[in-house]
Each structure stands twice: as C-alpha cells, then as structure tokens.
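Trainee: Dropping the structure in here first, questions after.
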Amino acid sequence: MSGYVSPNNSPIVGTYERVYGVAVVTEISEDGTPVYEGSTDLYWNSQETVYSDGGTQWVDEDGNKWVFSELKRVDSSACSNSD
C-alpha cells in the first residue's frame, strides 16, 4: 500500500489522528465524578492529524507510532497483507 515500513518492518497503515467527542453522562456524583451512560458522540469534523518532532505521526499495523524520518522505503509489493 504505502511503500513504507516501520524500523521493525511492520507495514505503515495510516496516520495517527485526534477526534474530539462528548462521553455522555447520566449524572454527576457528589464528589464530582461523572457516571457514564456508555456512549460517546464523536465530532468527526474535528479530526486532525497528530504531529510530533515536526512531522506527521505514522502508525504501523502493530499500533506503534513513528515519524517519517524513521520509516524505511520498500517495494510496495512487500507491504501487501496476504494471509
């Protein structure tokens, strides 16, 4: 897909993103602790890519995050997931 892998040769699957939302509560306890209803309303229009060290954070298929300078370019056929 991407033509890049992480330093441990795991294919890069996407970018790390931040999305804001509201966790719905049923009440607030006496000590100020929220009692959650169990759902969260996500605001997809708030989605933004997370950056660190001046670059995009890339995510490999194991869930690890990397910056572009850490990635290794490979033949794109080596990045295909064929199970």
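The values are calculated or read from the model by the stated rules, or taken from the named source; none is laboratory data. For clarity, every value in this text was computed on a predicted model and none was experimentally measured. When the accessible area is computed, the model is the full protein with side chains, heavy atoms only, and any ligands, DNA or RNA have been set aside. Shrake-Rupley method; radii C 1.70, N 1.55, O 1.52, S 1.80 Å.
Trainee: Quick one: would you say residue 20 is open to solvent by 90 Å² or more (accessible area, probe 1.4 Å) and either among the small types (Gly, Ala, Ser) or under 30 Å from residue 70 (Cα atoms) (or both)?
Mentor: Numbers: open to solvent by 90 Å² or more (accessible area, probe 1.4 Å): yes; either among the small types (Gly, Ala, Ser) or under 30 Å from residue 70 (Cα atoms) (or both): yes.
It is true that residue 20 is open to solvent by 90 Å² or more (accessible area, probe 1.4 Å) and either among the small types (Gly, Ala, Ser) or under 30 Å from residue 70 (Cα atoms) (or both).
Trainee: Can you tell me which residue within region 42-67, out of those that are outside any strand (DSSP E or B) and modelled with pLDDT under 95, is most open to solvent (accessible area, probe 1.4 Å)?
Mentor: Restricting attention to region 42-67, the residues satisfying the condition of being outside any strand (DSSP E or B) are 50, 53-54, 61-64.
From what is left, the residues that are modelled with pLDDT under 95 are 53-54.
Values: 53: 149, 54: 86 Å².
Per the stated criteria, the residue is 53.
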